[in-house]
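To keep things clear, I will list the structure first and then write my remarks on it.
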Amino acid sequence: MHSITGKRFKVLACRSMWREVSLLASQSPNVCDVEFLPLGLHNDPPSLRQTLQEKIHATSPQKMSYQQEGLEFEYDYDAIVLAYGLCSNGTEGLSSKRYQLVIPRVHDCISLLLGSSELYHYYFEKYRGIYWYSSGWIEHSIQPSRERRELIYQIFKNKFGEENAAFLMQLEDNWQREYSRAIYISWGFSVDEKYCRFTQECAEFLGWEFEEVRGDTKLLSDLLRGAWDEERFLIVKPGEVIEASGDKNIFCKRCVVE
């Protein structure tokens, strides 16, 4: 392929960061072939691990042909980039026999959106019970809100009857009491104003405090630019395995796969 292009990365990302990853991939000096996976896989870590591993195994050199001229070109990836964190240990155990894997040293997408694990821990220590909102989570899931409550109530009512639905809604309300603050992560998108207002309305309905925080592009941008330092990113060579370190580094790597 043309020598003027940068490196080529296969990027696997959660759909919760569709806007952010798409924006930064378009600005990267590298060619980022991005594939978005369904939001919510982290709720079932084995499924997330299996899905990511299948995508990693399926990654291979890409061929392009021009039949009329009889020309065929092939290009390969320089790395598989994982726009994920530890995600409830859903990324632990991943490996590739052909490509190096790169993953940021964060617990989940919130740290990626905020720009660092340090800022995430700052808010975690400052406020107990934060429910995070972002453009992707609002667009691709049903965040705690008045409409979520009404939807769930109708589902329960249709399935179990009105009396049982009322009881089940008490359980729904119980887990929401574990939270006390809704924070919207703004990235300067055109939708941020209305999504921020929506988050504030959700907080008022649920009796939570509200806050808007400006996200930071640095960590996610460097991931896609290939600016990988050992402090913020784990680089796993072909055959090595991603492991959870259980400390502030979040990740480590272990012996070569047979």
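Looking only at the range 189-217, filter to residues that are without any contact (Cβ under 8 Å) to a residue 24 or more places away in the chain and not in a loop (DSSP other than H, G, I, E, B); which one of those is surrounded by the most Cβ atoms within 10 Å (Cβ to Cβ)? Selected residue: Ala203. Counting the residues of the range 50-65 that are surrounded by 15 or more Cβ atoms within 10 Å (Cβ to Cβ) and not in a loop (DSSP other than H, G, I, E, B) gives 5. For Val11, the conditions (1) modelled with pLDDT of 95 or more; (2) hydrophobic (A, V, I, L, M, F, W, C); (3) loosely packed, with under 11 Cβ neighbours inside 10 Å are fulfilled apart from (3).
In the set (1) in a helix (DSSP H, G or I); (2) touching a residue at least 12 places away in the same chain (Cβ under 8 Å), Phe124 fails one condition alone, (2).
Can you say whether Ile130 is in contact with a strand residue (DSSP E or B) (Cβ under 8 Å, 6 or more places away or on another chain), modelled with pLDDT of 90 or more and β-branched (Val, Ile, Thr), as far as the supplied structure shows? Explain how you work it out, then say what you get.
Details: in contact with a strand residue (DSSP E or B) (Cβ under 8 Å, 6 or more places away or on another chain): yes; modelled with pLDDT of 90 or more: yes; β-branched (Val, Ile, Thr): yes.
When the stated conditions are applied, Ile130 passes them.
Residues that are outside any loop (DSSP other than H, G, I, E, B), within 17 Å of Phe205 (Cβ to Cβ) and touching a helix residue (DSSP H, G or I) at 6+ places or on another chain (Cβ under 9 Å) are absent from the range 155-168 altogether.
Anything in the range 66-86 that is outside any strand (DSSP E or B) and modelled with pLDDT of 95 or more? List them, or say none.
First, the residues of the range 66-86 that are outside any strand (DSSP E or B): 67-70, 76-78, 84-86.
Listed by number, the residues that qualify are Tyr77, Asp78, Tyr84, Gly85, Leu86.
Cβ-Cβ contacts under 7 Å between residues 6 or more apart (or on different chains), taken from a first residue in the range 163-188 that is more than 27 Å from Arg19 (Cα to Cα) and touching a residue at least 60 places away in the same chain (Cβ under 8 Å) to a second residue that is assigned to a helix (DSSP H, G or I) and of a type outside the set (Val, Ile, Thr), are absent. Can you name the number of the only condition in (1) within 30 Å of Trp228 (Cα to Cα); (2) outside the structural domain of Pro238 (by TED's automatic domain parsing); (3) surrounded by fewer than 20 Cβ atoms within 10 Å (Cβ to Cβ) that Ser134 fails? Status for Ser134: all satisfied but (3).
The values are calculated or read from the model by the stated rules, or taken from the named source; none is laboratory data. Note that the coordinates shown come from a computational prediction; the quantities given were computed from them, not determined experimentally. Methodologically, a virtual Cβ is constructed for each residue, glycine included, from the backbone with ideal geometry; neighbour enumeration extends over all protein chains shown.
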